[in-house]
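Structure, as structure tokens:
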Amino acid sequence: MKFKPLMIALLASALTLGLAACSSGNNGSASSNGGKNEGSTNTNSQTNSGNQEDTSKKEVKITFQNIYPDPSDPKYKMLRTVVSNYEAEHPNVKIELDSLNTDQQKVKLKTQAASKEVPDITIVNPAAQMKPFVDAGLFAPLNEMVEKNGLKGTFQEGILDYYTFDNNLYALPDGNNIAIVYYNKKMFEEGGVKVPTTFEEMVDVVKQLKAKGIQPMAIGEKDSWTGSFLFMNILLRTNGGPGFLQDVIDGKKTFEDPAFTEAVNAFEDLVQAGAFQEGATSFDYNAGENLFKTGKAAMYFMGSWATGGIEESTANENQNVGVFKFPTVNGKGNPNEFMLAPGSAFAVSKDSKHLEETLDFLNYFLINYPKEMFNLKGAIGLAQTVDGDFKAAGYSDMAMEVLNLFKDVKGGDLAFDNTMNPGTAQAHLSSIQNLFVSKTDAGVVAKEHQTAYEENKD
């Protein structure tokens, strides 16, 4: 999918609107079931259900598959708060939560889709990733539901385009993010290093931190999209700007283009310098992120959706976490071009046994989502408007820095698997993941990608 100029304006206005720009809230690794969830609290969420009288007589169970299982993530608390409130207002309705790690959820949904047993509410990613499910006719259109209670007007202009096919809206996103680098100020001071302004300086910082016994970076590469996300930011630089994957799709370039092999070499320089923790491919998203949040790693590359969890973490005590833009690579690229991440999104099964009630709950959930996230200091990276003064609400300096970065956005690229067909995307994820285990010639990596693309293109 080509980058839409509208997204630039959308991101640039984020600070004014109290918005932020992705997949993902991409989280976690446990499951929790049942509407009465551990850690739930009952706050005064808005009541926006339009069908209470119609549904109050019959017992209804709605299965809500989600990627919010990490108790340290504001989304975990938000989810259980809104569910608890809805159940209190609708005693006949029980929301069963199926909370999964991002990659686990993707695998589980594919299995469920194959047998046409999609849960009432599930999670999909935008554009190319959700298209196969839409083509299979698994999701209910949300065109009418999103108009109720003013829900559509809460979303950033243009963001819903990434979830719309043939004029039908099939999912509603939780976020709209950019990729940034978080860093631990105290660990930088202890290592005697400064914020890098080039990729080459970043590799040197890694080496200096490593020499001082400080873990330079954290990653959760068991969830293979994390390494891909980083690699794609390097490619965004070596290509001199966005659009490499679109050029491949359009037949203007191949994966054996010098921009791609240069990105592979730069990525391997970072890995070989010892940037990441031992056994990085055995750490899932949460485990990798928690290394940074608990002060055990000096840097963390991730989408701005991570801000909420880092905001309240041990690492950020005394305003200790800062952020910086991903730097130029070999003098190439513009730091004001970011990896863009229209968020993971909520889709409803067309075959839900309780379709009306499920749509009613999802409408209620998303009407209350921004308010609850703001209260939990997790409203950085939402796809919806947020009513409130972030600074006055006690958001940290780090969070305000992230909001300010949105003013500088001049464009960027979507993640690999949001652009390419699923077959090529899977080959890419495996290929990049292998680079964490062993060094591979860039030409070989490029050939792997090109072969996969030729075998899977339409």
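Side notes on the structure shown:
- Set side by side, the residues Thr254, Thr294 differ, and just one is among the hydroxyl-bearing types (Ser, Thr, Tyr), more than 19 Å from Phe324 (Cα to Cα) and more than 24 Å from the chain's Cα centre (by Cα), which is Thr254.
- Test: residue in region 178-189 that is over 27 Å from Phe374 (Cβ atoms), in contact with a helix residue (DSSP H, G or I) (Cβ under 6 Å, 6 or more places away or on another chain) and crowded, with 21+ Cβ neighbours inside 10 Å: no
- Of all positions in region 436-449, none carries a residue that is within 21 Å of the chain's Cα centre (by Cα), surrounded by 14 or more Cβ atoms within 10 Å (Cβ to Cβ) and among the aromatic types (Phe, Trp, Tyr).
- Any hit, region 269-283, residues being crowded, with 19+ Cβ neighbours inside 10 Å, of a type in the set (D, E, K, R), in the same structural domain as Lys186 (by TED's automatic domain parsing) and more than 13 Å from Tyr300 (Cβ to Cβ): no
- Residue satisfying all of: in region 434-451; assigned to a loop (DSSP other than H, G, I, E, B) and in contact with a helix residue (DSSP H, G or I) (Cβ under 8 Å, 6 or more places away or on another chain); farthest from Lys253 (Cα to Cα) among these: Val437
- Pairs linking a residue in region 53-66 that is closer than 21 Å to Ala347 by Cβ and aromatic (Phe, Trp, Tyr) to a residue that is in a strand (DSSP E or B) and at pLDDT 95 or above, with Cβ atoms under 9 Å and 6 or more positions apart or on different chains, are Phe64/Ile95; Phe64/Glu96; Phe64/Leu97; Phe64/Asp98; Phe64/Ser99; Phe64/Ile121; Phe64/Thr122; Phe64/Phe346.
- Among the criteria (1) over 30 Å from Gly322 (Cβ atoms); (2) at pLDDT below 95, the one Thr385 does not fulfil is (1).
- The lone exception for Lys185 - which of (1) at pLDDT 95 or above; (2) over 30 Å from Ile214 (Cα atoms) it fails: (2)
- Filter result (surrounded by 24 or more Cβ atoms within 10 Å (Cβ to Cβ) and either among the charged types (D, E, K, R) or within 17 Å of Ser72 (Cβ to Cβ) (or both)) within region 317-339: Val321, Glu337
- Leading residue by the ranking (surrounded by the fewest Cβ atoms within 10 Å (Cβ to Cβ)) among those in region 52-85 that are farther than 22 Å from Gly175 by Cα and touching a helix residue (DSSP H, G or I) at 6+ places or on another chain (Cβ under 6 Å): Thr55
- Some residue of region 377-396 being surrounded by 21 or more Cβ atoms within 10 Å (Cβ to Cβ) and in a helix (DSSP H, G or I): no
- Scanning region 95-117 for residues that are buried (at least 23 other Cβ atoms within 10 Å of the Cβ), at pLDDT 95 or above and closer than 23 Å to Phe165 by Cβ yields a count of 1.
The values are calculated or read from the model by the stated rules, or taken from the named source; none is laboratory data. In this text, all values refer to a predicted model and were calculated from it rather than measured experimentally. Counting neighbours? That spans all protein chains shown, and the Cβs are built from the backbone with ideal geometry, glycine included.
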